[in-house]
Amino acid sequence: MSLPRATPESQGIPSAAVLAFLDHADAHLDALHSFMLLRHGRVVAEGWWEPYQPADPHMLFSLSKSFTSTAAGFAIAEGLLTADDPVVLFFPEDLPNPVSPNLAAMRVRHLLSMSTGHAEDTLGPVVRSTDGNWVRSFLACPVEHKPGTHFLYNSGATYLVSAIVQSLTGQTVLDWLTPRLLDPLGITGAFWESCPRGINTGGWGLNLKTEDIARFGQLYLHDGLWEGRRILPAGWVAEATRKHVPNGDDPESDWCQGYGYQFWRSKCQAYRGDGAFGQFCVVLPEADAVVATTSGIGDMQPVLN
């Protein structure tokens with residue numbers, strides 16, 4: 001079933017404001033692929049630019065990370081792990097010898113908040129693993145800083161969250177999320193890339209439709225409730241979307257407002273799932289609104305502006 005639709009005016013938004021945004025986007029952004037605006041739970045504006053269509057799944061790039069975080073939230077709620085569990089606990093057969101003190105100190109919460117202590121993104125060494133064991137390659141990367149003290153955007157860390165969930169559940173993150181998140185929200189046709197060992201890549205590789213992104217944002221906007229039913233664990237939205245670690249001091253940058261559990265804090269007291277080239281799920285609690293976009297844009301800040 002589709003999300004309910006309404007006119008912008010019926011939800012307190014002038015149509016002229018929506019049209020002004022679209023005119024500006026067409027003139028200055030190269031290029032949006034799709035756009036959907038929800039207010040008070042209703043779609044008040046939507047559009048796709050050719051050749052993109054409403055029924056087409058779109059590459060989410062790092063917007064995938066917010067779904068991986070959500071999978072971890074379910075695992076935490078079901079008692080399979082805690083945010084304070086040591087990372088070394090889950091893969092004893094893949095640990096380097098010796099285990100450095102900083103690696104030993106790394107917790108699941110550090111993976112989720114991009115504060116693992118690495119000085120460089122582990123993605124390169126992980127995907128170049130000659131034996132296909134991305135977990136072992138991640139654990140072998142030097143951990144230069146004490147975990148929790150430094151923010152570093154680190155897609156390898158999100159992959160490890162996916163690997164942890166699969167090690168505990170025996171299911172890929174996508175399979176784990178299907179009955180808990182996707183089915184209740186009416187999301188169908190999702191697919192997710194995997195590593196050579198069959199673990200969903202976690203930090204990227206999920207493909208969804210624009211309306212699916214909007215549904216995800218609406219669920220978070222309503223604190224994990226969907227049509228009156230609790231889907232996300234109580235307290236998870238607040239924990240996942242609050243600022244866990246600082247990531248800069250530029251007041252004009254949406255990448256310097258703090259980082260949660262695979263969610264970026266944004267200006268205007270908003271937060272978002274965020275993928276390369278402008279894949280956005282922006283949640284604006286004060287406005288009771290959600291914006292979903294897919295695009296192929298190099299400079300992403302103008303979209304958020």
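The values are calculated or read from the model by the stated rules, or taken from the named source; none is laboratory data. Keep in mind that what you see is a predicted model, and the values were worked out from it rather than measured. For neighbour counting, all protein chains shown are included, and Cβ atoms are generated from backbone atoms with ideal geometry for every residue, glycine included. These area figures cover heavy atoms from the full protein model, side chains too; ligands, DNA and RNA do not enter into them. Shrake-Rupley method; radii C 1.70, N 1.55, O 1.52, S 1.80 Å.
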Practice problem: Write out, first by first residue and then by second, each pair whose Cβ atoms fall under 6 Å of each other, whose residues are 6+ apart or on separate chains, and whose first residue, in the range 117-138, is closer than 16 Å to G202 by Cα and at pLDDT 95 or above while the second is open to solvent by 50 Å² or more (accessible area, probe 1.4 Å) and assigned to a helix (DSSP H, G or I). | Solution: S137/P125
Practice problem: Would you be able to say whether some residue in the range 79-92 is part of a loop (DSSP other than H, G, I, E, B) and among the aromatic types (F, W, Y)? | Solution: yes
Self-check item: helices (runs of 4 or more DSSP H) wholly inside the range 151-263 that include at least 1 residues being of a type outside the set (D, E), at pLDDT below 95 and surrounded by 16 or more Cβ atoms within 10 Å (Cβ to Cβ)
Solution: none
Exercise. Take the range 264-283 and flag every residue that is open to solvent by 30 Å² or more (accessible area, probe 1.4 Å) and either in contact (Cβ under 8 Å) with a residue 60 or more places away in the chain or in contact with a Lys or Arg (Cβ under 6 Å, 6 or more places away or on another chain) (or both).
Key: R265, A276, F277
Exercise. Being open to solvent by less than 20 Å² (accessible area, probe 1.4 Å) and part of a loop (DSSP other than H, G, I, E, B) is the filter; apply it to the range 101-128 and report the residue that is farthest from P86 (Cα to Cα).
Key: T122
Quiz item: Of these, G156, G224, G170, G198, which one is without any contact (Cβ under 8 Å) to a residue 24 or more places away in the chain and over 30 Å from V43 (Cα atoms)?
Solution: G170
Quiz prompt | Residue list for the range 11-39, restricted to those being assigned to a strand (DSSP E or B) and open to solvent by 20 Å² or more (accessible area, probe 1.4 Å) | solution = H33, L37, R39
Quiz item: Of all residues in the range 40-54 being touching a residue at least 60 places away in the same chain (Cβ under 8 Å) and either in a helix (DSSP H, G or I) or not β-branched (V, I, T) (or both), which is farthest from G189 (Cα to Cα)?
Solution: H40
Practice problem: Scan the range 285-305 residue by residue and report those that are of a type outside the set (D, E) and more than 21 Å from H24 (Cα to Cα). | Solution: P285, A287
Practice problem: Could you check how many residues of the range 40-69 are farther than 21 Å from W264 by Cα and surrounded by 20 or more Cβ atoms within 10 Å (Cβ to Cβ)? | Solution: 3
